[in-house]
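Student: Sending over a structure as structure tokens; questions will come in a sec.
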Amino acid sequence: MSSQFPLTDAHGHLQADRFDADRVEVIARLRSAGMTRLLVPSWDVASSHGAVEIAREHVWMDAAIGIHPHHASAAASHRAALLARATEPEIVAIGETGIDTKRNYAPLADQIANLEAHIDVAVQLGKPLILHCRSAGEGDDAQRQLMKTLRESPIGAPGGAAAFEGRAPFILHSASGSQGYIEEGLALGGMISVSGLAFRPEERATAEWIRIVPAHRLLTETDAPWLSMPGAPDPSRNEPANVALTLAWIAARRGEGVGELAAAISATYDRAFPRHRPRSV
Ligand SMILES: [Zn+2]
């Protein structure tokens, strides 16, 4: 699956133990597929350390640290110490964090407190949030709660996004929901990142709203090792190189050339995540 286009994976968990046995090969494959932008986000304390280690070793990659809503209760006592690391140069974003009422592994109040703590750090440092949001079935309670918390935070206040200097204060990662939700996220200044979730029948709204997201607010991602999509070489484990499949799906629905879209998404990534290290070794 080699591509002459610059591929962007704005959300690939390369630190996951599913890659421990063959991480070198996975990285070789994503490089030969043409990947030039990769953000490694985290879900808890250990994965945050892992993300930073990988971004240190591969200086063209970036890291995000944070606590996923699933771990909002269990990791709460370690949160402040973890987020104090967010000033480190490998860390270009805060997350993933957010709201998940699909699995409800943590009480909603803990998820909201966790999200608010991440928002505070993001606003202080001007580093964007990576936001996870899923509701059960066709529901949208998680999406409504996420937007409410954002609106009531400094990000929703007049001039409150000033810390981000005109950049997006957040990325709706693996965006899932109605067109109204996507429009609300865009209105709050956010970016929309599309994963292999788009291929699922229950996510059919994506095929509609994918056309209204401006290219300068649109990102591609895998959420590897999860969310494998049809056509992936190994259906049981997603990997960053597979983002080419999602890119092609988006280009077809938007009636755009794949190469042109790939270049636009790469430029969007650079605007979303300003970095302070040289990209090449
Ligand atoms: Zn993720």
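The values are calculated or read from the model by the stated rules, or taken from the named source; none is laboratory data. Nothing here was measured: the structure is a model prediction, and the numbers come from that model. Heads up, the Cβs are rebuilt from the backbone with ideal geometry, glycines too, and the neighbour counts pull from every protein chain shown. Side chains included, ligands, DNA and RNA excluded: accessible areas come from the protein's heavy atoms. Shrake-Rupley method; radii C 1.70, N 1.55, O 1.52, S 1.80 Å.
Student: So what's the back-of-envelope 222 nm ellipticity for the chain, counting only DSSP H runs of four-plus at -39500 (n - 2.57) apiece and dividing by all residues, rounded to 500?
Tutor: On the way: 9 runs with 101 residues, N = 281.
Helix contribution divided over all residues of the chain: -11000 deg cm²/dmol.
Student: Around His11, which amide H atoms from residues at least 5 apart in sequence, or from another chain, sit under 5 Å from its own amide H, with H modelled in the peptide plane?
Tutor: Result for His11 returns Leu39, Thr222, Asp223.
Student: Rounded to the nearest 10 Å², what accessible area does Glu165 have for a 1.4 Å probe in the complete protein model?
Tutor: 150 Å²
Student: Follow-up question, since we're still on this one. For region 165-274, would you read off the P(r) tail past 24 Å as a percentage of all alpha carbon pairs?
Tutor: 19 percent
Student: From zero up to wherever the largest Cα-Cα distance of region 86-140 sits, split into 5 Å bins and tell me the percent of pairs in each.
Tutor: 5, 19, 26, 20, 14, 10, 5, 1
Student: Sticking with this structure for a sec: With θ set to phi - 60°, apply the Karplus curve 6.51 cos²θ - 1.76 cosθ + 1.60 along region 15-25 and write out the HN-Hα couplings as whole Hz, x wherever there is a Gly or Pro.
Tutor: Each residue of region 15-25 in turn: 7, 4, 5, 4, 9, 4, 6, 9, 4, 4, 5 Hz.
Student: Taking +1 at the Cβ of each Lys and Arg and -1 at the Cβ of each Asp and Glu, which of Ala51, Gly12, Ser32 sits farthest along the dipole of region 1-63 towards its positive end, judged by Cα position relative to the Cα centre?
Tutor: Towards the positive end, the residue furthest out is Ser32.
Student: Along the charge dipole of region 7-272, Cβ charges K/R +1 and D/E -1, which of Ile155, Ala109, Ile99 sits furthest on the positive end?
Tutor: Ile155
Student: With only Lys, Arg, Asp and Glu charged, each at its Cβ (+1 for the first two, -1 for the last two), find how big the charge dipole of region 128-195 is about the Cα centre; round to the nearest 20 debye.
Tutor: 140 debye
Student: Tell me the net charge near Glu256. Cut-off is 15 Å between Cβ atoms, Glu256 excluded, with +1 for each Lys or Arg and -1 for each Asp or Glu.
Tutor: Value of the local net charge: +3.
Student: Right, something else. Which percent of Cα-Cα pairs in region 131-176 sits in each 5 Å bin, short to long?
Tutor: 5, 21, 25, 22, 15, 8, 3, 1
Student: Taking only Cα atoms of region 7-272, what ratio of Rg to Rh do you get with Rh as the Kirkwood inverse-distance radius?
Tutor: Answer for region 7-272: 0.93.
Student: Accessible area, 1.4 Å probe, largest first: how do Arg79, Arg31, Arg200 sort?
Tutor: Per-residue accessible area, sorted high to low, gives Arg31, Arg200, Arg79.
Student: A follow-up question, please. Would you mind counting up the charge near Glu90? Only other residues with Cβ under 14 Å from its Cβ, with Lys and Arg at +1 and Asp and Glu at -1.
Tutor: +2
Student: Size of the dipole of the chain about the Cα centre, Lys and Arg at +1 and Asp and Glu at -1 on the beta carbon, nothing else charged, in debye to 20?
Tutor: Working: 27 positive and 33 negative charges, 90 e Å.
Using Cβ point charges on Lys, Arg, Asp and Glu, the chain gives about 440 debye.
Student: Taking a probe of 1.4 angstrom, what is the accessible area of Val59 in Å², to the nearest 10?
Tutor: Roll a 1.4 Å probe over it and Val59 shows about 40 Å².
Student: Please list, ordered by chain and number, the residues whose modelled amide H lies under 5 Å from the amide H of Ile94; skip anything fewer than 5 residues away on the same chain.
Tutor: Close amide H contacts, sequence-distant or interchain: Leu129, Ile130.
Student: Using only the Cα atoms, what convex hull volume per residue in Å³ does region 139-208 have?
Tutor: 77 Å³
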